[in-house]
Amino acid sequence: MRNTTEVLTSFETAVERYLAELNKLDMGSLHKKQSEEEWSIGQMYVHLIQSALFMHLHNIEQCLSSGDSTLNSGEEKTELGRQVFELGQFPPVPVKVPASPQYTPQPPESMGSLIDGLHEVVDRMRSMASVLHQASVNNKIRHPRLGALNAQEWFLLIEMHYRHHFLQLDRLKSNLEI
C-alpha cells in the first residue's frame, strides 16, 4: 500500500484538477443534467465533498478512537474490496446506485460552496495524515460494498474515490458538450 505522504500528494493533485475544472464552468453548467437518472456535474462535486467529510473522514476518526464499540476488528474486506485495494483504484466502470433521497446529492448552492468544501476536505486530509500512524490496523469500520476497512484504507479510499470520479466528470462534460 502507498504511504500516507504519497496518497495525500495524489489527493491534493486531484483536488487541484477539480478546482481547475470549476474555473471553466458556470452555475448553469453545474446544474445541467443529461437525464433525470444522471447526476449533474455539481451533484458529483457535492457527492465527493459530502462522502469525504461525513463518511470517509468520520470513519477514520472512529478507527482512531480505539474504544469505539462499532469497530469490526475481526471482519475482512469483501472480494470487491480486496480487488480495489490490490489495484489501488476502482474498476473503470460507472457505479450505479438507485436514486434515493439518502444517496442522491442535492445540486450545489454556489460555486463558492464547492470551492470551500474541496478546501475543507484537503484541510481535513492533511490533519488526518499527521495522526494516521496512531490508528491500529485492526480497528475497522465496515464499508457497504468494500467490507471492513481500517483508518489507512479509508484514507486511501478518499483519494481513489476522487480519482474514480474523473471518469464521470469527463463523461458528463462530453455529454453536455461543456
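The values are calculated or read from the model by the stated rules, or taken from the named source; none is laboratory data. All of these numbers come straight from a predicted model, not from anything done at the bench. Reconstructed Cβ throughout: ideal geometry from the backbone, glycine too, with neighbour counts over all protein chains shown. Quick note on the areas: whole protein, heavy atoms, side chains included, nothing else; ligands and nucleic acids left out. Shrake-Rupley method; radii C 1.70, N 1.55, O 1.52, S 1.80 Å.
Tabulated data
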| item | result |
| --- | --- |
| Lone qualifier among Leu53, Leu48 - being more than 19 Å from Asp170 (Cβ to Cβ), among the aliphatic types (A, V, I, L, M), assigned to a helix (DSSP H, G or I) and at pLDDT 95 or above | Leu53 |
| So Leu30, is it over 17 Å from the mean Cα position of the chain (by Cα), in contact (Cβ under 8 Å) with a residue 60 or more places away in the chain, under 21 Å from Glu109 (Cβ atoms) and crowded, with 16+ Cβ neighbours inside 10 Å | yes |
| Residue count for the range 120-135, restricted to those that are in contact (Cβ under 8 Å) with a residue 24 or more places away in the chain and either not charged (D, E, K, R) or not in a helix (DSSP H, G or I) (or both) | 10 |
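Yes/no per residue for (1) open to solvent by less than 10 Å² (accessible area, probe 1.4 Å); (2) closer than 20 Å to Val84 by Cβ; (3) not hydrophobic (A, V, I, L, M, F, W, C):
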site	(1), (2), (3)
Asp116	no, no, yes
Asp123	no, no, yes
His133	no, no, yes
Leu146	yes, yes, no
Trp154	yes, yes, no
His164	no, yes, yes
Gln168	no, yes, yes
Glu177	no, no, yes
